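For reference, the structure discussed in these notes is given below.
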Amino acid sequence: MTMFSESLRAFLKPVVGLLDDPDVSEILINGPKEVWVERRGRLSRTEVTFTEDGLMAAARNMAQYVGRPLTDDHPRLDARLPDGSRIHVVLAPVARCGTTVSIRKFFAERLTVQKLIELGTVTPRVARLLEAVVGLRLNIVVSGGTGSGKTSLLNVLSSFIAPEERILTIEDSAELQLRQPHLVSFESRPADRLGKGEVDIGQLLHSALRLRPDRIIVGEVRGGECFHLLQAMNTGHGGTLTTAHANTPVDTLRRLESLCLLSGIDLPLRAVRAQVASAVHVVVCCERFPDGTRKITHIAEVLPLDEKGEYRTQDLLSFTTTAREKDGRVVGHFTGAGVLPGFFSRLAANGFDDVDASFFQKRTAGEAEPAPRMQTEPQRSAPAEPHRAATASDPVLAVKPGPVPRSRPVDNVQPELAGPVPRVPVPTPRLPLARKPVPTGPEASIELEPALQAEVDRRLPTESTLITRNPLHELRPLDEDTQPGTRRR
């Protein structure tokens, strides 16, 4: 334990017991007289209290450690403690109840996919599909609300990355726990008291692109740097992982779109949407339920824009709530949507042959899932997915040469699977239609009235222009335009 850790524990003496309690995941200090904790996803109030001066001294001690200002001019602080726990402080009078502190604890025990299965966050089938999309180097966005488990899931997804890959992580506050040997971690830095020395995520992303990354992992996108991240995804940096605040797959894409507009780059809205739909391949949504449990609710594939330029997604697996027990526990099951993803043909070719069509079939509550083959170690990743070709409804995307593994479906809904995937019959080439013979003789003319036909026959041998007026109209004499040999030049 360092000297600063001992000093901070002295300032936080009223809550030291809560900091050491392994069941407490978050400590919420709402002023000196009110302290709440979160245990297993549920909040409860404690009898712990502070003095106003003691709580202010603890907050300033945290700011001193991270070298960030916490004054009346800068009443907010976002930082992390020596053990990795994330803190956020808001001073009075901005916080009307007094100095407000949130401490989200950092657990030394690494969260694994097996632990998520035991907690009910995922099933073995869901975990295997997540391992497959990471192994195929698809670009993934993990979305959800505050406290839904986005960062924890991002840690688990990163564990599927092969150890020989060079990984660059970019975060506001370092929370990721990657164990791969070739890891470069960046952490943003705010401006000092003089407004100098700021290094934001966009600048770190600019540096990361020049450091030969195999994977780029951004802790969370929340500003204009999102546009540059999408540019990296669209220019060959496959397998990028990040998180964003959103509730559904389509809302996630709209969130990324709004963040891109914050970059200040003047682009048509259709072009921005095309960039988002092309860069992101899979969206994974998390949610914290009323009983405190956290689960993955959607694993969705991003499709090209429709004819109106709107986002389209299709669920591959989703969580369906079926009941709620008397103790408040949520009961449900994971089910497929009955459609195959666009990258299905690449699964078997990259060692995921057990992820077959049965993974995506619809299932009812209590129906057994197929037993997936989980990897004990991350396997070698597949090459990055080629860029998706432009369609008639997505004209902004540039078509790059090279074969596309599997074209994405044009319609938003595909036929349900009722067993093994049927072979698609090869369409028979259509024979060219026989051309209608062109008649050689003169075609029959339109029959005119006898008086008009006689006038046409009289003028036709000498008339050099089309007759545009009725020659039988006695009140309108023939002008020079209708007299033979006197046309205007």
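Any read-out appearing in this document is the output of simple, stated calculations on the displayed coordinates, not a laboratory observation. The structure presented is a predicted model; accordingly, all values stated were derived computationally and were not measured. Cβ placement follows ideal geometry from the backbone for every residue including glycine, while neighbour counts extend to all protein chains displayed.
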Legend entry - Positive minus negative residues near His245 (Lys, Arg vs Asp, Glu; Cβ under 14 Å): 0
Inset, instruction - Measure off 7 Å from each Cα along the Cα-to-Cβ vector at Ile117 and Glu52, then give the distance between these two points in nanometres to one decimal. - result: 5.5
Legend entry - Karplus (6.51, -1.76, 1.60) ³J(HN,Hα), θ = phi - 60°, over region 311-323, in Hz, Gly and Pro reported as x: 6, 9, 9, 9, 5, 9, 9, 8, 9, 10, 7, 10, 6
Inset, instruction - Please express the shape of region 113-360 as an equivalent ellipsoid: the semi-axes are the square roots of 5 times the eigenvalues of the C-alpha gyration tensor, given largest first in whole angstrom. - result: 29, 21, 20
Inset, instruction - With 19 Å as the limit, write out which pairs from Lys115/Lys150; Lys13/Lys33; Lys105/Lys196; Lys150/Lys362; Lys115/Lys326; Lys150/Lys326 have Cα-Cα distances beyond it, or answer none. - result: Lys105/Lys196; Lys150/Lys362; Lys115/Lys326; Lys150/Lys326
Legend entry - Label-point separation in nm, Phe107 to Ala349, each point 7 Å along Cα→Cβ: 3.9
Inset, instruction - Tabulate in residue order the Karplus-calculated ³J(HN,Hα) for region 238-244, using 6.51 cos²θ - 1.76 cosθ + 1.60 with θ = phi - 60°, rounded to whole Hz; enter x for Gly and Pro. - result: x, x, 6, 10, 7, 10, 8
Legend entry - HN-Hα J in Hz across region 72-87 - Karplus 6.51, -1.76, 1.60, θ = phi - 60°, x for Gly and Pro: 5, 6, 10, x, 10, 9, 10, 7, 9, 7, x, 7, x, 5, 8, 10
Inset, instruction - Could I have the simple spin-label model distance between Leu43 and Asp306, label points 7 Å from Cα toward Cβ, reported in nm to one decimal? - result: 3.8
Legend entry - Estimated dipole of region 100-219 in Debye, rounded to 20 [Cβ of Lys and Arg +1, of Asp and Glu -1, Cα centre]: 120
Inset, instruction - Collect residues whose amide H, placed 1.01 Å from N in the peptide plane, falls under 5 Å from the amide H of Thr297; neighbours closer than 5 in sequence don't count. - result: Cys285, Cys286, Glu287
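Under a point-charge model restricted to the Cβ atoms of Lys and Arg (+1) and Asp and Glu (-1), what is the dipole moment magnitude of region 1-152 relative to its Cα centre, in debye to the nearest 20?
Numbers: 21 positive and 17 negative charges, 121 e Å.
Here the size comes out at about 580 debye.
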Inset, instruction - Normalise the Cα radius of gyration of region 3-104 by 2.2 N^0.38 Å (N = residues in it) and let me know the number. - result: 0.99
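I need Cys97, Cys260 ordered by Cβ neighbour count within 10 Å, fewest first. Don't skip to the end; give the middle numbers.
On the way: Cys97 13, Cys260 25.
Ordered by Cβ neighbours within 10 Å, fewest first: Cys97, Cys260.
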Legend entry - Positive dipole terminus of region 58-148, leading residue within Ala92, Leu81, Leu130 (C-beta point charges): Leu130
Legend entry - Radius of gyration and Dmax over the Cα atoms of region 271-361, both given in Å: 16.2, 50
Inset, instruction - List Leu261, Leu154 from most exposed to least, where exposure is judged by having the fewest other Cβ atoms within 10 Å. - result: Leu261, Leu154
Inset, instruction - Starting from the amide H of Phe50, placed 1.01 Å from N in the peptide plane, find each other amide H under 5 Å away whose residue is 5 or more places distant or on another chain. - result: Lys33, Glu34
Legend entry - For Leu303, distant residues with modelled amide H under 5 Å away: Arg312, Thr313, Gln314
